[in-house]
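Below is one structure; the comments refer to it alone.
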Amino acid sequence: MNSDLEAFLKKLKITRKETTLFDVGGRGYFENPASDLLAFFLKPNAEHNLGPLFLSTYLECMKEDSSQFDLNISDDHIRREVLTKDGSFIDLQILGLNWCLIVENKINHSDANPFTSYENHAKSFGGKRPLFSILSPDGHEKHNNGTRWVGVSYQNYCSALLQKMPDIAHISGSKWQIFAREFILHFYNPPMEKEQIIKVEKYFSQIAQAEKLAVQYREFVRQELKFRLDKIFPGKAFDTRSGVFEKDSFPLSVACTSQALGKHEIVLFKPVGADEKFSIKVHLNNLSDLQLSTATKALNLGRHEIDGAWHYWTFTGYDSGEEAIAKLCELAKTVSGLFNSPDSTR
């Protein structure tokens, strides 16, 4: 391997996106709930107690001098789904003393909107200066009949907000400020460092080839596990499947389930990182007191964790895939014995 590329890969650290409440809730990327939340945080006098932070930062991302705007706006002057005269709906409308801001929030859809209708609506407020903006993942702008819709990217907006947000450690019990941070992080993706971009572009073909090898290797491990387990437990077919079963373990994470394991699961994975070794985690669910006692003795070399009805034992420190595969097969025998012996009944 090229020494320059090898040195780069050794010190490479991938910054991963933090999981938020909105990721877990599963509706954070829908435009309507995202716009509803944004409208709330844009209101300077709302109970989040962040004042005009979201609004002034948005104007600055539009390259406007926020100090030139009177941001003491009542909540009812920041509205969602505003109906125009011709029946169109505006995502966000903000009415200031002598200005009006129209925001089109785009998360997954193209710009197939009646922008002329929005512009005519904003101009109907007489002497108020109209401002038009598109908030989107890529921050693209649009020109419609000579009117500029300023592009603001979620990346730039969220990055600017994060720099201004109060330290969470100094927040005195305000749930809304914590939710604001969650909202920001949900739409914020850590940017690549300049050196990373340069190296990836320089060695793109080698990296692409490495990705293919990683896929092939994962499939090799999956098939090898299935072959060995089917040999140990004849007639009890194993389901071995690849995926991300352990955090930060892609591209190698293979789970094994079977009747032989009593409907439980064993996962072989390798955490991302040059110095990380292969690991195995045994997942056991809904154990009786006797089964838990027996499992604790049988799996005493693993680190034991509990999450609700699930019990986990993690075994780490395997230098090679062969060593980890052999250990997984050994653990499969142990787990199978826990649930198929006469003493394991409830």
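The values are calculated or read from the model by the stated rules, or taken from the named source; none is laboratory data. Source: prediction; values computed, not measured. Cβ placement follows ideal geometry from the backbone for every residue including glycine, while neighbour counts extend to all protein chains displayed.
List of remarks:
- Of all residues in the stretch 201-234, exactly one satisfies the criterion of being surrounded by 15 or more Cβ atoms within 10 Å (Cβ to Cβ) and of a type in the set (Ser, Thr, Tyr), namely Tyr203.
- Subset of the stretch 230-244 [among the basic types (Lys, Arg) and in a strand (DSSP E or B)]: Arg241
- Wholly within the stretch 90-149, strands (runs of 3 or more DSSP E) carrying at least 2 residues that are touching a strand residue (DSSP E or B) at 6+ places or on another chain (Cβ under 6 Å): 99-105, 129-136
- Residue list for the stretch 66-92, restricted to those being closer than 14 Å to Ser117 by Cβ, out of contact with any Asp or Glu (no Cβ under 9 Å at 6 or more places or on another chain) and in contact (Cβ under 8 Å) with a residue 24 or more places away in the chain: Thr84, Lys85, Asp86, Ser88
Residue by residue, here is whether (1) modelled with pLDDT under 85; (2) outside the structural domain of Ala324 (by TED's automatic domain parsing); (3) at positive phi; (4) not in a loop (DSSP other than H, G, I, E, B) holds:
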{"site": "Ala210", "(1), (2), (3), (4)": "yes, no, no, yes"}
{"site": "Tyr217", "(1), (2), (3), (4)": "no, no, no, yes"}
{"site": "Arg222", "(1), (2), (3), (4)": "no, no, no, yes"}
{"site": "Arg228", "(1), (2), (3), (4)": "no, no, no, yes"}
{"site": "Asp248", "(1), (2), (3), (4)": "yes, no, yes, no"}
{"site": "Val267", "(1), (2), (3), (4)": "no, no, no, yes"}
{"site": "Pro271", "(1), (2), (3), (4)": "yes, no, no, no"}
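- Selection count, the stretch 293-319, where residues are surrounded by fewer than 18 Cβ atoms within 10 Å (Cβ to Cβ) and under 26 Å from Pro234 (Cα atoms): 1
Rundown of residues vs (1) over 24 Å from Phe220 (Cα atoms); (2) modelled with pLDDT of 90 or more, yes/no style:
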site: Arg303; (1), (2): yes, yes
site: Gly308; (1), (2): yes, no
site: Thr314; (1), (2): no, yes
site: Asp319; (1), (2): no, yes
site: Ala324; (1), (2): no, yes
site: Leu328; (1), (2): no, yes
site: Leu331; (1), (2): no, yes
site: Leu338; (1), (2): yes, no
site: Asp343; (1), (2): yes, no
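- Filter result (in contact with a Leu (Cβ under 8 Å, 6 or more places away or on another chain) and of a type outside the set (Ser, Thr, Tyr)) within the stretch 256-283: Cys256, Ala260, Gly262, His264, Ile266, Leu268, Phe269, Lys270, Ala274, Phe278, Ile280, Val282
- Checking each residue in the stretch 28-65 for being touching a residue at least 60 places away in the same chain (Cβ under 8 Å), part of a helix (DSSP H, G or I) and not hydrophobic (A, V, I, L, M, F, W, C) picks out Glu31, Ser35, Thr57, Tyr58, Glu60.
- Hits in the stretch 273-292 (condition: at pLDDT 90 or above and polar (S, T, N, Q)): Ser279
- Out of Glu323, Glu276, one residue alone is exposed (fewer than 15 other Cβ atoms within 10 Å of the Cβ), of a type outside the set (S, T, N, Q) and part of a loop (DSSP other than H, G, I, E, B). It is Glu276.
- Close pairs (9 angstrom Cβ cut-off, 6 or more residues apart or separate chains): outside the structural domain of Glu104 (by TED's automatic domain parsing) in the stretch 137-149, surrounded by fewer than 13 Cβ atoms within 10 Å (Cβ to Cβ) and modelled with pLDDT of 80 or more anywhere: none
- Among the residues making up the stretch 279-292, a single one is buried (at least 22 other Cβ atoms within 10 Å of the Cβ) and either out of contact with any helix residue (DSSP H, G or I) (no Cβ under 9 Å at 6 or more places or on another chain) or in a loop (DSSP other than H, G, I, E, B) (or both): Lys281.
The rows are residues; the columns are (1) in contact with a Lys or Arg (Cβ under 9 Å, 6 or more places away or on another chain); (2) over 30 Å from Ala332 (Cβ atoms); (3) modelled with pLDDT under 75.
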| site | (1), (2), (3) |
| --- | --- |
| Val150 | yes, yes, no |
| Ile184 | no, yes, yes |
| Ile197 | no, yes, yes |
| Ala214 | no, no, no |
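- Residue match in the stretch 293-308 (condition: touching a His at 6+ places or on another chain (Cβ under 9 Å), assigned to a strand (DSSP E or B) and in the same structural domain as His264 (by TED's automatic domain parsing)): yes
- Residue within the stretch 109-131 that is of a type in the set (A, V, I, L, M), modelled with pLDDT of 85 or more, surrounded by 15 or more Cβ atoms within 10 Å (Cβ to Cβ) and under 21 Å from Met165 (Cβ atoms) present: no
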